[in-house]
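Okay, structure first, notes after.
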Amino acid sequence: MAALIEAIEIKRKAYFEYENAPYNCLEVEVSKPTARGGQTLVRVKMRNLLTRAVFDRTFKAGEKFAEPDLVKVPATFLYADADGYHFMDQANFETLTLSADMLGDDRFLLVDNLEVQVQKYNGNPIAVQFPAHVELAVASCEGAVRGDTSSGSVTKLAVLETGMELRVPLFIKEGEKVKVHTETREFAGRA
């Protein structure tokens, strides 16, 4: 039997099960009553890990949730095709496949042999957790135009090898590798 988590114990980035689906807490806010006899309420902004939908829910502090059967396995990205995105489990060399819907825009961060963590719920792969930064090559970018810096614009648009568009500093050229912050999708430096 999985341990139960009270709503008051839910912290940011915690995982819990609600209505038979796994959720990830994005933000949490506890409101304590000012009147005697009032109930403490916990407002949670949460993401359904199966549908990727984001909800705001308010729970009573004493409500209990089960811990989801989530397992993270180290994996390497292999390739993508019409069936989905294929990863190799590093422990047993099994192929794990996620659909484009499951990955969403995260698919633009995938390059060959990228090491990630694949999240499994009840034994089935449902999501990918990326390292803090990924290195991607610049496929094309706008040329720097004289006078850009005077208008305050010190970045230009670049298209990366995966098709992702990113604002990069003016000194970045085609063919260079750049680091992309996986959480914010922003330029993080040269690779």
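The values are calculated or read from the model by the stated rules, or taken from the named source; none is laboratory data. Quick caveat: nothing in here was measured; it's all calculated off a predicted structure. Virtual Cβ from ideal backbone geometry, glycine too; neighbours counted across all protein chains shown.
A few notes on this one:
- Residue in segment 65-85 that is of a type in the set (F, W, Y), closer than 19 Å to P131 by Cβ and in contact with a strand residue (DSSP E or B) (Cβ under 8 Å, 6 or more places away or on another chain) present: yes
- Qualifying residue in segment 63-72 (condition: within 25 Å of T184 (Cβ to Cβ), out of contact with any His (no Cβ under 6 Å at 6 or more places or on another chain) and of a type outside the set (A, V, I, L, M)): yes
- Residue within segment 30-43 that is touching a residue at least 12 places away in the same chain (Cβ under 8 Å) and closer than 19 Å to Y121 by Cβ present: no
- Within segment 1-32, tally of residues that are assigned to a strand (DSSP E or B), within 22 Å of the chain's Cα centre (by Cα) and not charged (D, E, K, R): 10
- Restricting attention to segment 134-156, the residues being modelled with pLDDT of 90 or more and not small (G, A, S) number 4.
- Breaking point among (1) out of contact with any helix residue (DSSP H, G or I) (no Cβ under 8 Å at 6 or more places or on another chain); (2) modelled with pLDDT of 90 or more; (3) surrounded by 17 or more Cβ atoms within 10 Å (Cβ to Cβ), for Q90: (3)
- A residue that is among the charged types (D, E, K, R) and in a helix (DSSP H, G or I) cannot be found anywhere in segment 86-98.
- When T51, T34, T40 are checked against the criterion of being among the β-branched types (V, I, T), loosely packed, with under 15 Cβ neighbours inside 10 Å, within 21 Å of V71 (Cα to Cα) and outside the structural domain of Y121 (by TED's automatic domain parsing), a single residue qualifies: T51.
- Filtered by the rule that a residue be farther than 13 Å from P22 by Cα, within 18 Å of the chain's Cα centre (by Cα) and of a type in the set (K, R), segment 47-102 gives a lone residue, K72.
- Residue under evaluation L70, criteria (1) closer than 23 Å to V28 by Cα; (2) surrounded by 15 or more Cβ atoms within 10 Å (Cβ to Cβ); (3) hydrophobic (A, V, I, L, M, F, W, C); (4) modelled with pLDDT of 90 or more, criterion not met: (4)
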